[in-house]
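Structure incoming, see below.
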Amino acid sequence: MRFTDDAGRSRTFSFEKVDGPTELIDDLVAALASGARSGGRWRTIATVDAAVSAARQFVVYLQTEFPEVGSIADIGPEVWWAWRSAKESQTRWPGQVNLLRILLSESPRLPETTRKAMRARAAKPRNRLPENDSYSRDEFGRIRGTAKREVRQALSRIRTNSERLQQFRDVGEVGDGIVFNVAGVQWSTGSLLEYLAHNGKFPSPYLAFRAAHKGCFDLTGVLSPAQALFPSIREIYCLMVLLVCERGFNISVMNNLTATSFRASDASGEAPIYTVNTDKPRRGAKRYSSEILGGEAGKLWENAVTLTEPCRTTLAALGTPSEKLLIGHRHKNVANIGRFRQEWSTEGLSDYYLRDAALLADDGTSLRVNLRRLRLSEQVLNQHSRQNSETVSEDIYRMPDPATAEGAAETITGGQADAVAHAKATVTIRSLSAADITTARTDPDTAATKLGIDVPTLTLLLAGTLDTATTACTDFLNSPYAATAGAPCPASFFACFTCMNAVITPEHLPRLVALLDAMDNIATLVAPARWVSDYRDHYERLRAVLDQNATRAEISDARRHITDDDREIIAALVGRNLDA
C-alpha cells in the first residue's frame, strides 16, 4: 500500500513479511486504504505507520491464538475481547485498543455483533501504576522549566546566526574576518550560512568541521554546524513538551499543527491572542476544532513559529514546501529520507532526548519525561479538559488521579470563593424563555408591557434583528454608558450583562456558551492579576446569566449547536476587536 500525505510525501507499506491468511491481510490492507484515503482519518505518514504496525501485530496475534480466523468477517466479539484483554494486560493506556477498533471499523466485512462489542471503548485505567499517575506540580514545573530553557537557547542561537546571514546578504560580509579556501573555493561565515539556508546542509563534512573549528557560528545547544540555522530533534521535543504543558496537545494534534494562525487582537495593542485550528483524527467527524491562545500560550505559539520558520524557508527553496509547525533538523540524512523531520511519534522519545538533563523526581530518583503523562498532568493540575469532553476529562483523566484527591481541599475553598464572587456579580439583564416567546407571539401587547418596550421593538427582538455579539439590545441609542442622550452605545458587548436594555432568548444560548468556554480557556492562560482586572467580573456575570436562564441539559444542547460564525464572533470579542 502506498500512502501520500497532504504535502506530497509518500511511503510504501508492505505486508510481504507478515505470515497470515491472504484474505485476512487483503481485508486489513483494504481497511487501511479506506482510513488513509483522501479526507480519511489518517492524514500523516506517522499515523498511517502506527495503523499499519497495529495491523501487523494483530495478524501475528491471530495466528497464535485464533488460527481459524481467515478474514475480517471471521472476527467475532470473543476474538475482539480476547485480544483487548491481552493488550490491556501489557499496557496501562488504551491507545492500541482504540487504534485497532478504528482500523477494523473501516472494513465493511466486520460483523455487526463485533462492531457493537467494540463500542465499549477502552478507558484509561482507574487503578494506575505509579508511573502512570500525574507528575507533581513541582515535577511538572521542573520539566517545563528545562524545556523552556532549551527552546529559549535554540531561539537565541538561530536568531544570532540568522542575523549574520542577513548581514551577509545586505553588505556581503559578517565582520568576523574569517575566510578560508577548500578545494580552490573561498568560503566565509556568510557564504556558508547562505549555502546552508538554501540546502539544509554544508557542501561537505570537511567544510562543516572547518567552520566549527574556526568558530564561524553560534552553536549553543547543538554539536552539528548544520543546525546553526535550524532546531535539532531534541529542541523540537522540548517545544512539544511546552505545547503539552500549556495546552495539553497529544501527538496526533501536534503532528497536524501548521504555522498559519489567525491573530485575533491588535498587534499594536495588547498581547496577541491567536485562534489556532487543531485536528485530532481519532475523533472522526468531530476531529476539527479551534484553540484560543493568549498570554504565555500565545507567546509560545509565536516562539514555535519563529524557531521552525528557517526549516520551512529551506524546504521551500528545495522545492518541497511545508506548512507544518513542528519541523526539526537531523544532523545526518538518515536512510536518505531528508534532513528535515516533520512527523513525530512515540510519546516516550522526549525522555530519550532529555535524559542528560538530569531531571529529578520529588523523591530524588531520575525523572522520566513522557508526553502522555505530561498531558494527564496538565489536566489534573489545571482541572480543565483538553481536546476531550469535560466528562471524559473528569472521569478518565482527573478523578482517578491521586493528585485530584489531594487537591480537594483547595478545590472546595476555590468553590466557596467563586460562590462569593457569584453573589457579588451584578446581573440586570432580562430574558425570555421559550414559553415566553410563544406567548409573546400570540399576545405581543402583554409581553411588550412586561419588558417595558413597545410592540414594534418586540417584533424586531423576536425576529433577531436586535441581536448583538452577546444578547439583543432594545434601545441602542439610549445607553446608560453613553456620555450624551441619543448617542450610540460605546460600551463593550461584555457590558450587556449589566444593562437594562439587554434581553436574552434561547437563540442566544449557543453563543453565550461559546463565550463561557472561551473565557474558561483564557483563565488558564493569563496572569491572575490580568484575569481579575480584565475578565473575572464579566465571567461571573455570564455564569450567573446561564445559571439563571438555562439548565445543564440546555447548556449541553446549546454547546452542540455552536456554529463557526458564533466562534468567529466570540474570538473577535475576547480579542477586543469588537470594542468601540
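Taking segment 456-481 as the region of interest, how many residues are over 23 Å from LEU509 (Cα atoms) and at pLDDT below 90?
Count: 5.
Just the residues that are part of a loop (DSSP other than H, G, I, E, B) and surrounded by fewer than 19 Cβ atoms within 10 Å (Cβ to Cβ), please, taken from segment 202-223.
Hits for segment 202-223 are PRO203, SER204, LYS214, GLY215, ASP218, LEU219, THR220, LEU223.
Return the residue satisfying two criteria in turn: it lies in segment 224-233 and is assigned to a loop (DSSP other than H, G, I, E, B) and in contact with a Leu (Cβ under 7 Å, 6 or more places away or on another chain), and of such residues it is nearest to SER162 (Cα to Cα).
Within segment 224-233, the match that is nearest to SER162 (Cα to Cα) is LEU229.
Give the residue that is surrounded by the most Cβ atoms within 10 Å (Cβ to Cβ), with candidates limited to residues of segment 419-452 that are among the charged types (D, E, K, R) and either in a helix (DSSP H, G or I) or modelled with pLDDT under 90 (or both).
Among those residues, the one meeting the criterion is ARG430.
While we're on this one: For segment 23-55, enumerate the residues that are surrounded by 16 or more Cβ atoms within 10 Å (Cβ to Cβ), polar (S, T, N, Q) and under 24 Å from the mean Cα position of the chain (by Cα).
The answer is THR44, THR47.
Would you confirm, using the coordinates I've provided, whether ILE504 is under 24 Å from ASP436 (Cβ atoms) and surrounded by 14 or more Cβ atoms within 10 Å (Cβ to Cβ)?
Here the answer is yes, as ILE504 does meet what is asked.
Next question, about the same structure. Within segment 373-395, is even one residue in contact with a His (Cβ under 8 Å, 6 or more places away or on another chain), assigned to a helix (DSSP H, G or I) and at pLDDT below 65?
Yes; the residues of segment 373-395 include at least one that is in contact with a His (Cβ under 8 Å, 6 or more places away or on another chain), assigned to a helix (DSSP H, G or I) and at pLDDT below 65.
While we're on this one: Could you tell me whether THR498 is within 20 Å of ARG430 (Cα to Cα) and either buried (at least 17 other Cβ atoms within 10 Å of the Cβ) or assigned by TED's automatic domain parsing to the domain that holds PHE249 (or both)?
Taking the combined requirement at face value, the residue satisfies it.
Run ILE72 past the list (1) touching a Gly at 6+ places or on another chain (Cβ under 8 Å); (2) at pLDDT 90 or above and report the number of the one that doesn't hold.
Going through (1) touching a Gly at 6+ places or on another chain (Cβ under 8 Å); (2) at pLDDT 90 or above one by one, ILE72 breaks only (1).
A further question follows. Testing VAL305 on (1) at pLDDT 60 or above; (2) closer than 30 Å to LEU516 by Cβ; (3) outside any helix (DSSP H, G or I), one condition comes back false. Which one is that?
All conditions are met except number (3).
For GLY20, are the conditions met, namely being surrounded by 14 or more Cβ atoms within 10 Å (Cβ to Cβ), in the same structural domain as PRO111 (by TED's automatic domain parsing) and in contact with a Pro (Cβ under 6 Å, 6 or more places away or on another chain)?
So GLY20 does not fit the description; no.
Just to be sure before I move on: is ALA228 of a type in the set (Gly, Ala, Ser), surrounded by fewer than 20 Cβ atoms within 10 Å (Cβ to Cβ) and over 30 Å from LEU381 (Cα atoms) in the structure I sent?
No; evaluated as a whole, the condition is false for this residue.
Which count do you get for residues in segment 63-79 that are polar (S, T, N, Q) and in a loop (DSSP other than H, G, I, E, B)?
Summing the residues that are polar (S, T, N, Q) and in a loop (DSSP other than H, G, I, E, B) in segment 63-79 gives 1.
Residue under question is ILE72, and the condition is that it be aliphatic (A, V, I, L, M), surrounded by 20 or more Cβ atoms within 10 Å (Cβ to Cβ) and over 18 Å from SER107 (Cα atoms); does it hold?
no
Please work out which one of (1) surrounded by 17 or more Cβ atoms within 10 Å (Cβ to Cβ); (2) assigned to a loop (DSSP other than H, G, I, E, B) is the condition VAL241 fails and give its number.
(2)
The values are calculated or read from the model by the stated rules, or taken from the named source; none is laboratory data. Nothing here was measured: the structure is a model prediction, and the numbers come from that model. Here the Cβ is made from the backbone with ideal geometry for all residues, glycine too, and neighbour counts use every protein chain on show.
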